[in-house]
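Reading through the structure tokens given below for one structure.
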């Protein structure tokens, strides 16, 4: 039940979805519940990004699997999507009624800005965990910096921005390289 309620809360309060939800999931499963370490959580986020489907749903499934096997995966996934389904249906009905309202348009603009902040926070957390294996700024030091990860990141970013290769191919290649580096 605790797994269901935790992911129901996550599903209900996951404004922005995708990467914006990562800090909320991390806060719940790593810091509050203590179910996972930051390293395991980062691994789950990485796997969730590579598998088809929404990031929040994939993450809830993998966390549930880690905690309680297949029953945990089912319960966490249902908890995660139930809130979104109810909210989506309610919002659809609301927007059908108020689609021309200036107030509704203003609220949506501020939600977009908030989502960008959440996405940037998630990206920063993933970078810290990748380069320093910690997201706690007070424990980060140059001695813990992973130069191999930084170089692989810089090469991947350069390739993506300059040559725009297929991202799946790039993930396969970097995964292969990481297999030998680590």
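Before moving on, here are some points about what is shown:
- Any hit, the range 118-132, residues being farther than 24 Å from residue 10 by Cβ, in contact with a helix residue (DSSP H, G or I) (Cβ under 7 Å, 6 or more places away or on another chain) and assigned to a loop (DSSP other than H, G, I, E, B): no
- Taking the numbered list (1) more than 17 Å from residue 42 (Cβ to Cβ); (2) surrounded by 10 or more Cβ atoms within 10 Å (Cβ to Cβ) in turn, residue 100 passes all entries but (2).
- Options 78, 47, 67: the member that is within 30 Å of residue 142 (Cβ to Cβ), part of a helix (DSSP H, G or I) and in contact (Cβ under 8 Å) with a residue 12 or more places away in the chain: 47
- Of the residues 113, 122, the single one that is modelled with pLDDT under 90 and under 17 Å from residue 41 (Cβ atoms) is 122.
- Residues that are assigned to a helix (DSSP H, G or I) and crowded, with 18+ Cβ neighbours inside 10 Å within the range 9-27 comprise 10, 11, 19, 20, 21, 22, 24, 25, 26, listed in sequence order.
- Boolean, residue 34 is in a loop (DSSP other than H, G, I, E, B), closer than 22 Å to residue 116 by Cα and free of Cβ contacts under 8 Å to residues at least 40 places away in the same chain: no
- Residue match in the range 175-182 (condition: surrounded by 14 or more Cβ atoms within 10 Å (Cβ to Cβ), within 27 Å of residue 35 (Cα to Cα) and either in contact (Cβ under 8 Å) with a residue 12 or more places away in the chain or not assigned by TED's automatic domain parsing to the domain that holds residue 40 (or both)): no
- All positions within the range 134-152 that are surrounded by 12 or more Cβ atoms within 10 Å (Cβ to Cβ) and either farther than 23 Å from residue 37 by Cβ or free of Cβ contacts under 8 Å to residues at least 24 places away in the same chain (or both): 140, 145, 146, 149, 150
- Scope the range 157-174; condition in a helix (DSSP H, G or I) and either over 19 Å from residue 46 (Cβ atoms) or in contact (Cβ under 8 Å) with a residue 24 or more places away in the chain (or both); matching residues: 158, 161, 162, 171
- For residue 58: the one exception among (1) crowded, with 16+ Cβ neighbours inside 10 Å; (2) closer than 19 Å to residue 21 by Cα; (3) in contact (Cβ under 8 Å) with a residue 12 or more places away in the chain: (3)
The values are calculated or read from the model by the stated rules, or taken from the named source; none is laboratory data. Everything quoted here is computed from the prediction, not taken from an experiment. Cβ atoms come from the backbone with ideal geometry, glycine included; neighbour counts cover every protein chain shown.
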